[in-house]
Amino acid sequence: MRALLLETLYEWSKVPYQKIWKRTRPWDVAANDLLRYPVNSLGFHLGCFLIKHSFEIQPKLESHDVYHVLTGTGISVPEEVSMQYYLMGNGKRSLYLYTVVALGTALYPDELGRFRSAYKRGRSALAFHQLDFFKLLNQPINSIKNAFLIC
């Protein structure tokens with residue numbers, strides 16, 4: 001029930017968030033296009049992630065899926081909340097992030113250990129949340145993770 005609540009809130013808020021608050025340009029690339037990048041690249045790994053989960057790239061929200069790929073975070077609701085904790089620890093600040101963290105914490109108090117751990121991992125990494133990932137799609141994923149101490 002709590003997962004359904006957060007998933008429903010996400011679906012309701014996604015389009016207004018994309019249109020009103022996100023100022024980035026959409027990438028205009030499909031998951032299959034990403035598979036044309038070198039096998040060790042961020043682009044290829046992003047394409048694999050999208051196809052594995054039967055996802056399409058969400059215009060202006062592309063970095064969200066990149067965060068999943070770089071941090072190795074899964075897609076269950078508690079994992080999504082933990083990724084927001086990771087990003088908060090990494091220095092990302094947004095009303096959307098704070099809302100997810102607050103609701104996720106209230107609905108998943110049994111996951112506080114996971115959330116705390118994700119926050120600490122985010123603090124340990126160098127700030128990467130603000131990068132233009134479109135320009136990094138051809139870069140080796142391990143080079144990016146190593147450069148920013150992402151674990």
Expected-Rg normalisation [2.2 N^0.38 Å, Cα atoms] applied to segment 73-114: 1.03
Spin-label pair residue 61/residue 24, simplified geometry with 7 Å Cα→Cβ offset, distance in nm: 1.3
Residue pairs, from the table 60/145; 60/92; 52/135, whose Cα atoms sit over 21 Å apart: 60/145; 52/135
Distance cut-off 28 Å, percentage of C-alpha pairs in the chain lying past it: 16
Relative intensity, log₁₀ I(q)/I(0), of segment 51-128 from a Debye sum that treats every alpha carbon as a point, q = 0.13, 0.17, 0.22 Å⁻¹: -0.37, -0.64, -1.04
Value of D in µm² per second that Stokes-Einstein yields for segment 39-80, Kirkwood Rh from Cα pairs, at 4 °C (1.567 mPa s): 123
Unit Cα scatterers, Debye sum, segment 95-151: log10 I(q)/I(0) for q = 0.14, 0.29, 0.31 Å⁻¹: -0.53, -1.12, -1.18
Simple label model, 7 Å out from Cα along Cβ direction - residue 151 to residue 93, nm: 2.8
Most fluctuating residue given options 62, 111, 79, as computed from a GNM of the chain linking Cα atoms under 10 Å: 111
Computed E for residue 117/residue 33 - FRET, C-beta separation, R0 25 angstrom, nearest 0.05: 0.15
Residues whose placed amide H lies under 5 Å from that of residue 41, excluding near-sequence neighbours: 141
³J(HN,Hα) computed for each position of segment 74-90 - Karplus, 6.51 cos²θ - 1.76 cosθ + 1.60, integer Hz, glycine/proline x: x, 10, 5, 4, x, 5, 4, 5, 5, 5, 5, 4, 4, 5, 5, x, 7
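Values in this text are rule-based calculations from the coordinates and carry no lab data. Fair warning: this is a prediction, and the values are worked out from it, not measured in the lab. Positions of Cβ are backbone-derived with ideal geometry, glycine not excepted, and every protein chain shown enters the neighbour counts.
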